[in-house]
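Below is one structure, written out as structure tokens, with a few remarks after it.
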Amino acid sequence: MWEVLWLLLIIVFAAAAIVAGALMWRSYVDSGAPGAGMFRTKVEKRLEVVDQAMLDGRRKLVLIRRDNTEHLIMTGGPVDVVIETGIDSSGKARGGDVVEPVFSRQSRALGQASGDK
């Protein structure tokens with residue numbers, strides 16, 4: 001009985017030593033010094049998904065940010081489409097101007113049909 005437990009303890013110790021050695025080897029290969037890879041600063045991410053919205057069962061709009069610039073992409077259809085690129089991530093339009101809608105119409109009052117005035 002004790003022999004089995006002793007053998008199991010040796011196997012667990014050997015497995016832990018192999019895993020620790022592999023981690024040390026990986027950090028040595030990556031950074032040049034043993035253990036230095038565990039304590040180095042993490043690289044800041046350049047790419048981030050800001051928001052996403054489903055359009056229908058297959059397609060969705062994805063707003064991604066890369067280096068403080070946002071891009072609006074539609075995915076899931078036959079072809080992925082870049083809808084808008086170069087959006088300033090601060091939320092303001094480029095140049096500080098107010099962006100007017102391309103197609104504007106008067107809002108309707110409640111119960112009013114589109115042809116009535």
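The values are calculated or read from the model by the stated rules, or taken from the named source; none is laboratory data. Since this is a predicted model, take the numbers as computed values, not measurements. FYI the Cβ positions are ideal-geometry reconstructions off the backbone, even for glycines, and counts take in every protein chain you see.
Taking the condition surrounded by fewer than 10 Cβ atoms within 10 Å (Cβ to Cβ), at pLDDT 80 or above and of a type in the set (Asp, Glu), does residue 44 pass? No; evaluated as a whole, the condition is false for this residue.
Filter region 31-41 for residues that are of a type in the set (S, T, N, Q) and at pLDDT below 70 and give the result. Across region 31-41, the qualifying residue is only 31.
In this structure, residue 109 does not qualify as surrounded by 10 or more Cβ atoms within 10 Å (Cβ to Cβ) and either small (Gly, Ala, Ser) or at pLDDT 90 or above (or both).
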